[in-house]
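The values are calculated or read from the model by the stated rules, or taken from the named source; none is laboratory data. Note that the structure is predicted; figures quoted are calculated from it, not measured. All Cβ positions, glycine included, derive from the backbone under ideal geometry; neighbour counts span all protein chains shown. We work out accessible area using only protein heavy atoms, side chains counted, and drop any ligands, DNA or RNA first. Shrake-Rupley method; radii C 1.70, N 1.55, O 1.52, S 1.80 Å.
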Amino acid sequence: LDEVKFDNFHLYGHSYGGILAFEYLKKAQPSNCLSVTLSSAPSSIPLMHEEWDRLSAEIAKTTPAFLVKEAFRRVHVCRLFVAPEILQQSYENASTVWDDMDVIADYEISTPKILESPPALATRGEYDFVTTDCLTEWRKCFTNIETEEMLDCSHHALLEKPGVYASVLIPFLAKHDI
């Protein structure tokens, strides 16, 4: 971002991208960042995996074993009957969700407060595998943070209900624009 030389910017990260956004803020401490949005971004990968396992076990109680993975996807990853092509392509290019992510397997946010942090928005879908507990620690890192849960959405709320997602994101960005 320093090379692009933005006068001011809003930072956005979805899922793992939210972790990258946070680490950028922590390291760079940019004074020209107007806000940060952490969209379905877990503050703890171990906790997210615990929640994933818990939610999978709940589905497994009432679903044949060979259907658990697809049922989990339809409830907690993307609630659309058929995942949008852009999401399918993403997963094909990246193998599967979180595969080859051993580098962050133990990741947990590590700073109690960001000095002079920009306003933050942490979002998640109601059925997201990034549960409310996975967002809790973000509140300790930002002096000004809002959280929003989008009803009847999962991890990819932006793709599932773009209008609902926009109704949360756009007012937040507008409120913190200059």
Using beta carbons and a limit of 8 Å, which pairs, at least six apart or on different chains, have the first residue in region 88-111 and assigned to a helix (DSSP H, G or I) and of a type in the set (A, V, I, L, M) and the second one surrounded by 13 or more Cβ atoms within 10 Å (Cβ to Cβ) and at pLDDT 80 or above?
-> ILE104/TYR16; ILE104/ILE19; ILE104/ILE45
Inside region 61-93, can you point out the residues that are modelled with pLDDT under 90, under 22 Å from HIS49 (Cβ atoms) and more than 17 Å from the chain's Cα centre (by Cα)?
-> ALA83
Could you give me the residue pairs with C-beta distances under 8 Å whose first residue belongs to region 153-167 and is under 15 Å from VAL75 (Cβ atoms), whose second residue is of a type in the set (Phe, Trp, Tyr) and open to solvent by 20 Å² or more (accessible area, probe 1.4 Å) wherever it lies, and which are 6+ apart or on separate chains?
-> CYS153/TYR127; SER154/TYR127
Do the conditions hold for ASP152, that is, is it at pLDDT 85 or above and in a helix (DSSP H, G or I)?
-> no
Subset of region 76-87 (residues that are outside any loop (DSSP other than H, G, I, E, B), touching a residue at least 24 places away in the same chain (Cβ under 8 Å) and open to solvent by 50 Å² or more (accessible area, probe 1.4 Å)) | ILE86
